[in-house]
Amino acid sequence: MADLKAAFLRTPWSKPQISSQPAGNTTLVNLRTFYEVNWSTAGFQPGEVDRSVLRGIPVQIRPKLVGFTYLFGDGSSVGPTSSTGGVYPDGDITHVYKTSGRYPVRVDTTFGADFSIDGSTWDEIPSTVTVPGPSTTVTVREAKGVLVNH
């Protein structure tokens, strides 16, 4: 089991990128901002199988999602949750910024995994790993109304 756990920890994980709406990673103070996870094509995401050989025996490791933790850059977060978020109006991962600024937003992914030795049945690896995602800078601006007399 120690060799399986070590192989599990060496798995090249997919690192989800977070995207936001309104588009362009720019939003307004007090506006509900929607977030969504987009899996990177590099690395293994839940359900994909990493094949290797341990001590001459073929082993398969199949990652599974334990949860996402969304970090909004202003000290607040959501999670762990299995939700990948979404866009307006149905997305369920949202955040409202109270002050303007530039915020490093990311999603951390916690993976578990199942394993199969030499094509046998799948069993759970009793371990998890949390992989920090890359940061996306979200710019929050403050809008001010101005009355103009024509």
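The values are calculated or read from the model by the stated rules, or taken from the named source; none is laboratory data. From a predicted model like this one, the values you see are computed outputs, not experimental measurements. Heads up, the Cβs are rebuilt from the backbone with ideal geometry, glycines too, and the neighbour counts pull from every protein chain shown. To get the accessible areas, we keep the full protein, side chains included, count just its heavy atoms, and leave off ligands, DNA and RNA. Shrake-Rupley method; radii C 1.70, N 1.55, O 1.52, S 1.80 Å.
Which of the residues spanning the range 32-57 are touching a residue at least 40 places away in the same chain (Cβ under 8 Å) and either of a type in the set (Gly, Ala, Ser) or open to solvent by 70 Å² or more (accessible area, probe 1.4 Å) (or both)?
Once the filter is applied, which keeps residues that are touching a residue at least 40 places away in the same chain (Cβ under 8 Å) and either of a type in the set (Gly, Ala, Ser) or open to solvent by 70 Å² or more (accessible area, probe 1.4 Å) (or both), the range 32-57 yields ARG32, SER52, ARG55, ILE57.
Tell me whether the range 66-74 contains one or more residues that are outside any helix (DSSP H, G or I), open to solvent by 40 Å² or more (accessible area, probe 1.4 Å) and at pLDDT below 90.
No: the range 66-74 contains no residue that is outside any helix (DSSP H, G or I), open to solvent by 40 Å² or more (accessible area, probe 1.4 Å) and at pLDDT below 90.
From (1) open to solvent by 60 Å² or more (accessible area, probe 1.4 Å); (2) at pLDDT below 95; (3) under 23 Å from SER127 (Cα atoms), pick out the condition that doesn't hold for TRP13.
Going through (1) open to solvent by 60 Å² or more (accessible area, probe 1.4 Å); (2) at pLDDT below 95; (3) under 23 Å from SER127 (Cα atoms) one by one, TRP13 breaks only (1).
Do we have THR137 as surrounded by 11 or more Cβ atoms within 10 Å (Cβ to Cβ) and under 22 Å from GLN45 (Cβ atoms) here? Please lay out each step first, then the result.
Working: surrounded by 11 or more Cβ atoms within 10 Å (Cβ to Cβ): yes; under 22 Å from GLN45 (Cβ atoms): no.
No: the conditions fail for THR137.
Within the range 112-129, is even one residue open to solvent by less than 30 Å² (accessible area, probe 1.4 Å), within 14 Å of LEU28 (Cβ to Cβ) and not charged (D, E, K, R)?
The answer is no, given that none of the residues of the range 112-129 is open to solvent by less than 30 Å² (accessible area, probe 1.4 Å), within 14 Å of LEU28 (Cβ to Cβ) and not charged (D, E, K, R).
Say we look at the range 75-104 and pick out the residues that are of a type in the set (D, E, K, R) and part of a loop (DSSP other than H, G, I, E, B); which of these is least open to solvent (accessible area, probe 1.4 Å)? Give the derivation first.
Of the range 75-104, the ones of a type in the set (D, E, K, R) are 90, 92, 98, 102.
So of that shortlist, the ones also part of a loop (DSSP other than H, G, I, E, B) come out as 90, 92, 98.
Working: ASP90: 133, ASP92: 98, LYS98: 144 Å².
Ranking the candidates gives ASP92 first.
Out of THR121, THR41, THR139, THR81, I need the residue that is of a type in the set (Val, Ile, Thr) and under 12 Å from the mean Cα position of the chain (by Cα). Which one? Break it down stepwise before answering.
Details: THR121 fails: under 12 Å from the mean Cα position of the chain (by Cα); THR41 fails: under 12 Å from the mean Cα position of the chain (by Cα); THR139 fails: under 12 Å from the mean Cα position of the chain (by Cα).
So the residue among THR121, THR41, THR139, THR81 that is of a type in the set (Val, Ile, Thr) and under 12 Å from the mean Cα position of the chain (by Cα) is THR81.
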